[in-house]
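To keep things clear, I will list the structure first and then write my remarks on it.
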2 protein chains.
Amino acid sequence: MALRAIEKRSLPDEVFEQLTTEIVSGRYAPGASIPSERDLSETLGVNRHVVREAVKRLEQIGLVKGGQGGRTKVLDFRATAGLDLLAVVAEHAEPVEDLLPLLASAMEMRAGIGAEVARLCGERSASEAGGELLRIAERLAATDDGEERLALDQRFWQRALDGAGNLAYQLAFNSLIRAVHARRDFSLPWLEQELARGDYRRPIAAAIAAGDAEAATQATRRALAPPAPTDIWPTSSTTTEASR
Amino acid sequence: MALRAIEKRSLPDEVFEQLTTEIVSGRYAPGASIPSERDLSETLGVNRHVVREAVKRLEQIGLVKGGQGGRTKVLDFRATAGLDLLAVVAEHAEPVEDLLPLLASAMEMRAGIGAEVARLCGERSASEAGGELLRIAERLAATDDGEERLALDQRFWQRALDGAGNLAYQLAFNSLIRAVHARRDFSLPWLEQELARGDYRRPIAAAIAAGDAEAATQATRRALAPPAPTDIWPTSSTTTEASR
DNA sequence: CCTTGCCAACTGGTTGGACCAGCTGCTAGG
DNA sequence: CCTAGCAGCTGGTCCAACCAGTTGGCAAGG
């Protein structure tokens, strides 16, 4: 049963990826213009409508800005794009070295909003969420499979987010998850080392169940505190090889 | 000089807005299908490409999921969409009552990541950022104009984010800002009451400048702690009237 | 009767070609 | 030298097909 769903890539997907890589890697610098739709269409050998759709998607996530008449210009995504961009950048970061600080920042944010979500969940729905969180934490402590851990971890936080009742945190979490999933090869080792530091979800679940919001925050902060990235990801061997 | 840039709304923008409103307001429930591109194109009196672009944008932000052959289905955005959706929902929330918890959640998140950003900035670039933050805080304390306060507040956090050196927080901040800007009529009063509670940025800046990360976190938490939404936004009068 | 297989109708995906509308930069006229 | 104006570029929209999957119903076979 090692079968997975086939990823269907449409032509606009393809174009979108190429353009994204060019921009994220800096080959199209902020302020510069990307080629016209007609040029791209000819260069890439696809219809202009296809190019158009890809460019429109770039525009939506805040990588470029177009406008009738003028050329389409590359933006400084750090200033204009939203959190959804994180997954896109993670997927297309070109020197893989650029990827590490990026994923580290995502993990750091995960720790930050995790602590806050634990607090809110403890304050707002300790009794409702507590039991289920404890149950998930138990199963998390029992399994050894990396993929299953990742899934359970996600469910754990999903439940905590429900309890926290904050849409913004919920959506932010979704964005982060997407970024992390885009690079499982890097995120799985991270999770492994988190678990290697001991049973780390049960104290959180217990604090929430007990309605001790402050303790839940502290437990989360302790559990998700990031180590140095180099402790997890070997710097060169697999890395530079993957970047070719 | 009360002139503002004219907002150009393209046809896809228009279609996108209509569909978004239908979905966010729940008239197209999760799991249901939206009309086919051809139907929409005929109903709305625009070309199918226009409809197509709008639907593709919905797909990108995680409101619907399409696929060749099958119908395009509405997703449960709480589970699938990223933080970028917040601004979209804020703009299209239909019973305006739905808007209040949403903006409250955005403000709550702002407080949470604000505290974290202040900590990181204090840890990582106290000396570089401290001075400028103090200067902005001074100007913030000196002005009375709401719009200028909003702009300065944004610059304050922008500088702190630079100092924190965390791309994820940076992008999340951009997303939140967009959501808040989408509803200035609600966010300006919020900021007003924050300021009414006293000079609130200087303690943060001072703590950062002093390199006391923990104090910076605490000062931020205190300054941005949310009051009950009803203390700021009158529940009915202007609200229900705006919803018509 | 239920199952199985197939096909028609419908969906999104892609193409090509045309024209409209706004911006930009060069150029001819002052 | 400056400026008005036009030509040629850009993105925006439309029409009319055809390709390629999915779906659901219908009919043959068990």
Which value results for Rg/Rh of chain A when Rg is the Cα radius of gyration and Rh the Kirkwood radius based on the inverse mean 1/r?
1.04
Long-range amide H contacts for residue B:64: which residues qualify at under 5 Å (H placed 1.01 Å from N, peptide plane, sequence gap of 5 or more or a different chain)?
B:59, B:75
Of the residues B:163, B:210, B:107, the Cα lying farthest along the dipole of the range B:99-227 towards its positive end, which is defined by charges on the beta carbon of Lys, Arg, Asp and Glu, belongs to B:107
Would you please give the FRET efficiency between residue B:8 and residue A:155, computed as 1/(1 + (r/R0)^6) with r the Cβ-Cβ distance and R0 = 60 Å, to the nearest 0.05?
0.85
Using only Cα atoms, what is the ratio of the radius of gyration of the protein assembly as shown to 2.2 N^0.38 Å?
0.99
Only Lys, Arg, Asp and Glu count, each charged at its Cβ (+1, +1, -1, -1), so figure out the dipole size of the protein assembly as shown about its Cα centre, rounded to 20 debye.
520 debye
So, in nm and shortest first, the distances from residue A:154 to its counterparts in the other copies, with label points 7 Å along Cα→Cβ, work out as 3.4
Scalar couplings 3J(HN,Hα) for the range A:116-131 by Karplus 6.51 cos²θ - 1.76 cosθ + 1.60 (θ = phi - 60°), nearest whole Hz, x for Gly and Pro, are 6, 5, 4, 4, 4, 5, x, 6, 9, 8, 4, 5, 5, 7, x, x
Inter-copy label distances at residue A:68, 7 Å along the Cα→beta-carbon direction, one decimal in nm, shortest first?
3.3
List, in order, the whole-Hz ³J(HN,Hα) value for each residue of the range B:170-186 obtained from phi through the Karplus relation with A = 6.51, B = -1.76, C = 1.60 and θ = phi - 60°; use x for Gly and Pro.
4, 5, 4, 4, 4, 4, 5, 4, 5, 5, 5, 5, 5, 9, 4, 4, 9
What are the ³J(HN,Hα) couplings of the range B:20-25, residue after residue, when phi is run through the Karplus curve with 6.51, -1.76, 1.60 and θ = phi - 60°? Round to Hz, x for glycine and proline.
4, 4, 4, 6, 4, 7
Of the cross-linked pairs A:73/B:65; A:56/B:73; B:8/B:73, which ones have a Cα-Cα span greater than 26 Å in the structure shown?
A:73/B:65; B:8/B:73
Net dipole in debye of the range A:12-81 [+1 Lys, Arg Cβ; -1 Asp, Glu Cβ; about Cα centre; nearest 20]:
300 debye
In the neighbourhood of residue A:24 defined by beta carbon distances under 10 Å, the net charge of the other residues (Lys, Arg +1; Asp, Glu -1) is -3
Just check the range A:143-220 against the gyration tensor rule for me: Cα atoms, a ≥ b ≥ c as the square roots of the eigenvalues, rounded for a/c under 1.5, and otherwise prolate or oblate depending on whether a/b exceeds b/c.
oblate
Measuring nothing but label to label, 7 Å from Cα along Cα→Cβ, what are residue B:6's distances to the other copies in nm, shortest first?
5.0
Around residue A:146 (Cβ within 10 Å, Cβ-to-Cβ, excluding residue A:146; K/R +1, D/E -1) the net charge comes to -3
On average, how many beta carbons from a partner chain sit within 10 Å of the beta carbon of a residue in B:101-107?
4
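Quick note: the coordinates plus some simple rules give every number you see, no bench work behind them. Because the structure is a prediction, the values reported are computed rather than measured. Glycine gets a Cβ as well: all are built from the backbone with ideal geometry, and neighbour counts include every protein chain shown.
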